[in-house]
Every structure is written in C-alpha cells, then in structure tokens.
Amino acid sequence: MHPQETYMRRAIKLAQKGAGRVNPNPMVGAVVVKNGQIIGEGFHQQYGGLHAERNALADCREDPRGATLYVTLEPCCHYGKTPPCTEAIIEQNIAQVIYGSADPNPLINGKGAEILRQAGIQVTGGFLQEECDQINKIFFHYITCGTPYVTMKYAMTIDGKIATYTGRSRWITGSEARKQVHLDRNRNMAIMIGVGTVLADDPLLTCRIEGGRNPVRIICDSRLSTPLTSQIVSTANAVPTIIATCCDDPEKLQPYREKGCRMISVASDDDGHVCLPALMKILGGEKIDSILLEGGNRLNWSALSSGIVQNVQAYISPKIFGGEQAKTPVGGEGAAFPSQAVLLDTPKITRIGEDILLESEVKPCSPASLKKSVQ
C-alpha cells in the first residue's frame with residue numbers, strides 16, 4: 001500500500017471513533033505527517049468540541065511546520081461552535097493538505113480548500129474519496145436535504161418471515177447480529193417505530209452496549225393509542241421520547257407529557273395518518289440527522305412509499321418459519337405492478353455470525369404513485 005493511502009486510511013479509522021457522538025456534525029479524522037512519520041493525529045470527538053484538524057495539530061510531538069495534513073473531509077473555514085480549521089492550518093505553517101471528501105455545507109463547499117491555496121498551501125482533494133464519503137452518508141444527506149437519513153432495518157428468515165404465524169419473533173437472528181443492531185442504534189440519533197409495534201412487542205428501544213448512547217425514541221401514533229404503561233412511555237423521563245400524532249386533544253396529550261414524552265403534532269395525510277415527509281421536516285429542523293427505522297411491515301411500507309427511506313438493512317437468518325399468515329418485512333397495500341417497485345442498489349453483503357446482512361441504498365423511484373400512510 002502506498003504511504004499516502006496508509007495515512008488516509010488511518011484518518012478514516014480515527015474518524016469512525018466519533019460515531020454516535022458528533023451528530024449532526026460529520027465524522028472526521030486527521031493525521032499530521034512529517035519526514036515520513038506520523039507526528040500527530042486526532043478526530044472530531046463530540047458535537048461542539050474541537051474538529052479533527054485542531055486535535056491532530058494539538059497532538060503533534062514536534063513542530064508541524066512544513067508537514068502534510070491528511071484529513072477525511074475538506075477543512076472548515078467558518079466560525080461555528082469552534083473557530084475555522086483553516087486558520088489553525090495556516091498558523092501552524094502546514095505545507096500540504098490532502099483531503100478525501102468535499103464538504104457540501106454551503107458555508108464551505110470548496111471555500112476551505114481555496115483559502116488554503118491562497119495562503120500558499122498545496123491542496124489535493126478527492127483522495128480515497130469513495131471511502132471517505134462512505135463514513136459520512138448521514139451528514140451529506142442531512143446537510144443537503146435538511147431531513148434525517150433514514151435506514152430501514154429488519155430481520156427475517158430465509159423464507160422472508162419476520163415472525164411466526166403466532167406472532168412470535170424472538171429471536172430471528174443470532175447474538176452477533178443483535179449486537180450489530182445496538183451499534184447502529186448508537187450511531188443513529190433516533191429510532192422510530194409505529195404504535196403497532198408498541199402494542200405487539202412493548203419494546204424498550206435502548207442501546208445496550210458498553211459506553212453506548214440511547215437514541216431518541218420516536219413513536220408514530222396517529223390516533224394516540226400508545227399505552228401509558230408501555231416500557232417506552234414509562235421510561236420517557238430517562239430516555240428522550242417523542243410521540244408523533246395527529247391528535248390535538250389537550251386532555252389526551254397531557255398524561256403523556258406528565259410521563260416525560262414530547263408530543264409533536266403532525267399534519268395528517270389523505271387517510272388521516274401521520275404524514276411522514278412532514279414529520280421528517282420537523283425532525284430535521286430539530287437537528288435529528290438520522291433515524292433507524294425498526295417498525296413493523298405497515299410502517300415499513302408507508303416509509304418506503306412516501307420516499308423517506310435512504311437505506312435498507314436486511315438481516316437474513318438461516319431459518320424457515322413458513323406459514324401463509326406469517327408476516328413479511330413490508331406489508332401495506334404494496335405495489336400493483338412490478339414497475340412500481342422500490343428499487344435498490346446492488347447490495348453490500350456482510351456475514352455476521354450465522355446471519356447475513358444485505359445493505360442497499362434506495363434508488364430514486366416514483367413514491368407519488370404509492371400509498372403514503374402510517375398507522
């Protein structure tokens with residue numbers, strides 16, 4: 001491997017340490033190299049904290065004058081919660097900056113690289129860009145669209161069932177796959193289900209890994225029928241919980257507020273259900289940049305048909321449940337014709353213990369022709 005690739009891959013590895021802690025900011029890693037040796041490295045550790053470049057420069061064991069800075073994302077050039085990284089790079093007399101991803105933030109978007117060039121620094125962008133882009137899919141979507149990046153996750157048997165005909169679903173996948181799900185809960189700012197899942201499974205929806213962060217829990221409940229005794233409502237004072245509803249009756253809303261739930265009123269669609277695109281705009285405005293959708297098959301269809309899903313994760317277990325009445329991952333009305341199918345990119349295939357994870361990006365489709373409702 002070429003030394004430059006080694007340095008950038010190290011920066012990528014560092015960037016991933018910020019998973020679940022920097023949202024809605026991007027994950028960024030940086031490495032300072034002088035005379036063929038790494039003299040400093042750092043990453044963006046938490047939202048509101050110093051950026052990767054400043055942490056890497058502060059970590060330098062010797063004067064970084066004349067060094068090369070490898071960074072996974074174009075350095076920022078604006079004042080936010082921290083000063084511009086371009087200022088620190090120029091002040092430390094860095095000779096060359098090599099970055100991976102361009103920053104689509106309108107406040108940057110090429111301006112950072114140009115400021116460095118004007119200061120006499122050699123700048124190269126797009127180095128290992130595909131790998132660098134991959135770690136910040138959430139950020140790129142959020143900063144350009146203003147809505148959360150939604151990953152629809154489900155586990156199914158090899159014959160496409162998410163439960164037996166009696167409704168039992170624990171456990172479809174093995175322990176390693178379930179651990180991966182908790183890692184994803186840690187990475188995403190929120191987790192969303194429909195009220196049907198609350199009624200059927202009474203889940204807790206927390207992140208059960210050491211040092212993990214609980215996501216904001218969101219329940220789509222058009223008519224407000226979530227039991228006040230459910231695990232989610234009962235623990236709302238400990239874990240941030242949002243109930244999105246079309247109900248505007250103050251007397252019905254108040255008991256949930258007293259339990260610690262945050263109630264969000266959402267416009268209804270033509271069927272009187274929560275309008276999911278409208279909900280995404282509300283959540284995006286509150287800096288929720290990512291959602292792990294762990295709903296039932298009706299909510300999954302509603303999310304897909306309304307066009308809010310960007311990514312699909314399908315965990316496939318080597319089991320067969322069978323049963324004509326056993327539920328499948330996506331229900332609802334469904335597509336009337338093959339041409340109305342929701343199309344996915346070629347999946348990435350990962351073996352996790354005894355299970356297989358298929359992960360695909362959702363291709364642009366025609367959601368207007370599909371039903372857009374949720375319970």
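The values are calculated or read from the model by the stated rules, or taken from the named source; none is laboratory data. Since the model is a prediction, treat every value here as computed from it, not as a measurement. Cβ placement follows ideal geometry from the backbone for every residue including glycine, while neighbour counts extend to all protein chains displayed. Accessible surface is based on the protein model in full, side chains and every heavy atom, while ligands, DNA and RNA are left aside. Shrake-Rupley method; radii C 1.70, N 1.55, O 1.52, S 1.80 Å.
Amide H contacts of Lys327: Ile162, Ala163, each under 5 Å away and 5 or more positions distant or on a separate chain (H built 1.01 Å from N in the peptide plane; Pro and chain starts excluded). Phi angles of region 189-205 translate, via the Karplus equation with coefficients 6.51, -1.76, 1.60 and θ = phi - 60°, into HN-Hα couplings of 6, 9, 10, 10, 9, x, 4, x, 5, 4, 5, 7, 10, 6, x, 9, 6 Hz per residue; Gly and Pro are given as x.
Most fluctuating residue of Ile138, Ile209, Ile282 in a GNM of the chain with Cα springs under 10 Å: which is it? It is Ile209.
Which value, in Å², gives the accessible area per residue of region 1-147 when a 1.4 Å probe is used on the protein heavy atoms?
Details: 6670 Å² over 147 residues.
So region 1-147 comes to 45 Å² accessible per residue, rounded to a whole number.
Note on Glu91 and Arg351: the model spin-label points, each 7 Å out from Cα along the C-beta direction, lie 5.1 nm apart. Element breakdown for region 1-62 at a 1.4 angstrom probe: carbon and sulfur atoms account for 45% of the accessible area. On full extension, the segment bounded by Asp63 and Cys145 gains 25.4 nm, given 0.36 nm per residue less the C-alpha separation. Using the rule -39500 (n - 2.57) for each DSSP H run of four or more residues, divided by the residues of the chain, the 222 nm mean residue ellipticity is -7500 deg cm²/dmol. Rounded to the nearest whole Hz, the Karplus-based 3J(HN,Hα) values (6.51 cos²θ - 1.76 cosθ + 1.60, θ = phi - 60°) of region 123-134 follow the sequence 10, 10, x, x, 7, 6, 4, 4, 5, 5, 4, 4, with x at glycine and proline. Using a probe of 1.4 angstrom, how much of the accessible area of region 177-302 is carbon and sulfur, in percent? The C+S portion of the solvent-accessible surface of region 177-302 is 49 percent. Across region 312-326, rounded Karplus estimates of 3J(HN,Hα) from the backbone phi angles (6.51 cos²θ - 1.76 cosθ + 1.60, θ = phi - 60°) give 10, 10, 10, 8, 10, 9, x, 9, 10, 8, x, x, 5, 9, 5 Hz, Gly and Pro being marked x. Remark: for residue pairs Lys137/Lys363; Lys34/Lys111; Lys111/Lys363; Lys179/Lys259; Lys13/Lys137; Lys153/Lys287, the C-alpha separation exceeds 24 Å in Lys34/Lys111; Lys111/Lys363; Lys179/Lys259. Solvent-accessible surface of region 248-375, averaged per residue with a 1.4 angstrom probe and all protein chains in place: 52 square angstrom.
Considering only alpha-carbon pairs that sit under 8 angstrom and 6 or more positions apart, the relative contact order computed for region 154-306 is 23 percent.
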